[in-house]
Each structure stands twice: as C-alpha cells, then as structure tokens.
Amino acid sequence: MAEMIEKIDNLKLIVFDLDYTLWPFWVDTHVTPPFRRNGQNVYDAHGILVKYYPEVPAILERLKSLGYRIGIASRTSCTDEANDLLRLFKWDQWIDYKQIYPGCKITHITKLSKQSDTEFNQILFFDDEQRNIIDLKRINVCSILVDNGMTFKLLKNGIDKFKCK
C-alpha cells in the first residue's frame, strides 16, 4: 500500500494527533513514565511494552521520502512524556513540527500553519476525535477521522479526499 501513496503538489503539511491516532492509548492515563528503550522496544516504568499502531513508522517514513512535511498536534497535558515517546520510537527523524499541549486543535493547527508557512487549505489532518474534525473543517483544513489507528489505507483515503476538495 505504501507504493500507492503519491506526492500531491498543493498538499504541503500532513498533521497527526497522537493518542488513538498514532498509538493506542492516552499518554496521560494509560502508560507510566519514565519510559526506556531496550533494543527495538520501548517500556514504561512498570516494564510494560509501549506499543504504537503497526503501520505508523512506515507511514511516516514514506511521507518523508516523498517530501511531505509532517506535524504533530496533540492536546495532551503530558507534553514531556509525549515528546519522550516520539524520541524513543525514533519518529523525531520524520517530524518537522510539534504542537503538544492542552488546548483547542484550531490553536495547534494555526501555530503549525505559521511555523511551516502553510495555508489551512494545504494541510491534511488525522485525528480520532470527531469534535476536532468538525472544528478544523470550519477553518478549511481537510480532516480525516481515525477509527482504529493510522493505516496506509486511511492515509490513501485522506490524500484522495484532499485531491477532490
């Protein structure tokens, strides 16, 4: 499915939420810091394996290889912990911009737009919460609801939707 993802000229920034979008938990309630990496795996303070949705690293790598800029927009109050996981999962190599703090997704996206010099209509956004999708559609950000974590199929559907808007 990775080979089906293409570069769209007017799509400048792809933004992802974290909790239940890139990983299957809320960082502020379901995992216990500090986190540590052992080999290819990341564990929480209790020695429990911290998992992410299986296709996420390949998705981020593919988007970066195509020249897309990647942003994170998360309203978690556990900013340090979310950043630790991004670093320990080694995803920072693909992420260009981060807005991780409590607040409205419109604020996150507005700051990402300014950081990246990108118009709202050049952004594709993925999130698991319908309220965020509704908010961002109001400001002309193409927004895709994530039901069961990020997959290449969902990414392709999002890019197809972006092309047709």
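Values quoted throughout were computed directly from the atomic coordinates according to the rules given, and no laboratory measurement underlies them. Everything numeric here is computed off the predicted structure, so don't read it as measured data. In this analysis, Cβ positions are derived from the backbone assuming ideal geometry, glycine residues included, and neighbour counts consider all displayed protein chains.
Descriptive notes on the structure:
- At most 12 other Cβ within 10 Å, DSSP loop - trypsin sites (Lys or Arg not before Pro), region 1-48: LYS7
- Local electrostatic count, ASP44, Cβ distance below 10 Å [Lys/Arg +1, Asp/Glu -1]: 0
- In region 24-86, taking the dipole from charged Cβ atoms about the Cα centre, the farthest positive-side position among PRO57, ASN41, VAL31 is held by PRO57.
- For ARG69, residues with placed amide H under 5 Å, excluding near neighbours: ILE14
- Taking a ≥ b ≥ c as the square roots of the Cα gyration tensor eigenvalues, region 124-165 comes out oblate, since a/c reaches at least 1.5 and a/b does not exceed b/c.
- Region 29-67 residues near the modelled ASP96 label - backbone nitrogen below 17 Å, point 7 Å along Cα→Cβ: 59-67
- Given [x] 1.66; [y] 1.05; [z] 0.98, the label whose value is Cα Rg over 2.2 N^0.38 Å derived from this model: [z]
- Neighbours of THR32 by Cβ distance under 11 Å: Lys/Arg scored +1, Asp/Glu scored -1, total -3.
- Scanning residues 5 or more positions from SER74 or on other chains, those with amide H under 5 Å from its amide H are GLN99, ILE100, TYR101, with H placed 1.01 Å from N in the peptide plane.
- Take the Cβ atoms of SER77 and GLU119, set R0 to 35 Å, and the FRET efficiency comes out at 0.75.
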